[in-house]
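The values are calculated or read from the model by the stated rules, or taken from the named source; none is laboratory data. The model shown is predicted, which means the values in this text are computed figures rather than measured ones. Please note: Cβ atoms are built from the backbone with ideal geometry, for glycine as well, and neighbour counts cover all protein chains shown.
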Amino acid sequence: MNPFSKGLEPSGTLIIARATNITLPEDDLQRAYSLFSARDYKNAAKAAEKARKRLEREDPARSYEALRVQADSTLNARDIKGAESLYTELMRVAQSKSLLFYQAAASW
């Protein structure tokens, strides 16, 4: 059966996900960006960690951005030791994947 015959759009699954309060990993990352912009660094770090854990399974390449946001948020929350371990992890991953942007971000 053609899903478009019922009047569903190609993004019909996304609409269903939002209607049932299922969050997507990208939504968690966007929430982390918003919290970071609002200077709520502790909650931004938590949201980025949640996004990172979910993205590691679904989109590993995107999880590096969540790790960067988590590290930046942790640093701005004045948790130096936590930020150091996150940046070390980011550098390790960035070097293994030859991701220059993330290597630069991790070399604080």
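Between a residue in region 78-89 that is within 14 Å of F36 (Cβ to Cβ) and of a type outside the set (A, V, I, L, M) and any residue that is modelled with pLDDT under 95 and outside any loop (DSSP other than H, G, I, E, B), which pairs come within a Cβ distance under 6 Å, given they are 6 or more apart or on different chains?
Taking only residues 6 or more apart or on different chains, not a single pair turns up.
With S96, S73 as the choices, which residue is without any contact (Cβ under 8 Å) to a residue 12 or more places away in the chain and farther than 21 Å from T23 by Cα?
S96
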